[in-house]
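Student: The structure that follows is given in the form of structure tokens.
Each reported figure results from applying straightforward, stated rules to the coordinates on display, with no laboratory input. These numbers were taken from a predicted model, which means no experiment stands behind them. Methodologically, a virtual Cβ is constructed for each residue, glycine included, from the backbone with ideal geometry; neighbour enumeration extends over all protein chains shown.
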Amino acid sequence: MRFSLARSFAQLAKKAEKGSSSIAVTKEPTKKPLLEIHQLGNAELRESAKRISKVDDSVRTLIKNMLHSMYSAKGIGLAAPQVGIHKQLLVIDLDIENAATPPIVLINPEITEFGASLETYEEGCLSIPGVYLNVIRPSIIKLNYRDEMGRPKKMNADGLLSRCIQHEMDHLNGVLFVDRVMNEDDLNKELTEHGFNKKDVIALT
């Protein structure tokens, strides 16, 4: 997910610190990210991810490389399928301008409950740079996951954190946020202006 008003949600990031990662990675962007982030139209983005059976050093190295690439792209969320690795792994950081706030690592995340209320909010994606469109999602979720050490965890999330987790979890199923956009005119306009093809969108609504 692309950085958008994340500074205003620094408190949400700190609130989620209890379930956050202990992996230390510099948040300074670099011109040469370690992993290539695939863009809309690449078939890699449409493949489903598999559960991670063992959380080991190779997974932790992948986490670090994903964080490095996410920060270099000035994003607040990244899913492994976006870099061509079809594993159920997400990295999230709503407070990318604060080096003291650790990122959140979610391995094999599973949403166990959705809140009843829905919210419409503008989303962007590192795989569709420049495109920002409104998407309707549940405002509150509960989820289970494993952290970077393989320990089982639970989390309640609301606001931007909830939205970011849902956005990134869609990637694990080969779904992009543009697939959920209901306003066809806005969708066509944004995609055309930024050089993307509407035929690469799979409408879910």
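Student: Report the relative contact order of the chain, percent, no decimals, based on alpha-carbon pairs under 8 angstrom and at least 6 residues apart.
Tutor: Reported as a whole number, the value is 25 percent.
Student: Take the Cα radius of gyration of the range 85-155 and divide it by 2.2 N^0.38 Å, with N its residue count; two decimals is plenty. Don't skip to the end; give the middle numbers.
Tutor: Details: Rg = 14.2 Å, N = 71, 2.2 N^0.38 = 11.1 Å.
This ratio for the range 85-155 stands at 1.28.
Student: Between L118 and N173, what length in nm is gained on full extension when 0.36 nm per residue of separation is reduced by their alpha carbon distance?
Tutor: In short, 17.7 nm is gained.
Student: What's the magnitude of the charge dipole for the chain around its Cα centre, counting Lys and Arg as +1 and Asp and Glu as -1 at the beta-carbon? Answer in Debye, nearest 20.
Tutor: 680 debye
Student: Please work out the FRET efficiency for the pair K199 and E44, using the Cβ-Cβ distance as r and a Förster radius of 22 Å; give the result to the nearest 0.05.
Tutor: Calculated value: 0.85.
Student: Turning to a different aspect of this structure: At 0.36 nm per residue, and after removing the present C-alpha to C-alpha distance, how many nm does the segment from D158 to D186 gain when stretched out fully?
Tutor: Details: separation 28, 0.36 × 28 = 10.08 nm, distance 2.64 nm.
Gain on extension, D158 to D186, equals 7.4 nm.
Student: Considering the dipole of the chain built from charges on the beta carbon (Lys and Arg +1, Asp and Glu -1) around the Cα centre, which of Q39, A203, N134 is farthest to its positive end?
Tutor: Q39
Student: Cα convex hull of the range 51-169: mean projected area in nm², to one decimal?
Tutor: Computing the convex hull of the Cα atoms and averaging its projections yields 7.3 nm².
Student: Same structure, new question: Which log10 I(q)/I(0) values does the chain give at q = 0.09, 0.16, 0.17 Å⁻¹ under the Debye formula, counting every alpha carbon as one identical point scatterer?
Tutor: Result of the Debye calculation: -0.30, -1.03, -1.18.
Student: Less than 14 Å Cβ to Cβ from H38, Lys/Arg counted +1 and Asp/Glu -1: what total charge do the surrounding residues give?
Tutor: It works out to a net charge of -3.
Student: Run lengths n ≥ 4 of DSSP H only: what is the helix-derived mean residue ellipticity at 222 nm for the chain, with -39500 (n - 2.57) per run over all residues, to the nearest 500?
Tutor: -6500 deg cm²/dmol
Student: Between G124, L78, T192, whose Cα lies farthest towards the positive end of the dipole of the chain when Lys and Arg beta carbons carry +1 and Asp and Glu beta carbons carry -1, centred on the Cα centre?
Tutor: Selected residue: L78.
Student: If you don't mind, another one. Grab the Cα-Cα distance for N98 and K32, subtract it from 0.36 nm times how many residues apart they are, and report the gain in nm with one decimal.
Tutor: Computed gain between N98 and K32 is 21.6 nm.
Student: For the range 38-176, what number of Lys pairs, 8 or more residues apart or on separate chains, have alpha-carbon atoms under 14 Å from each other?
Tutor: Values: K50/K87; K54/K87; K142/K153; K142/K154.
Lysine pairs satisfying the spacing and distance rule in the range 38-176 number 4.
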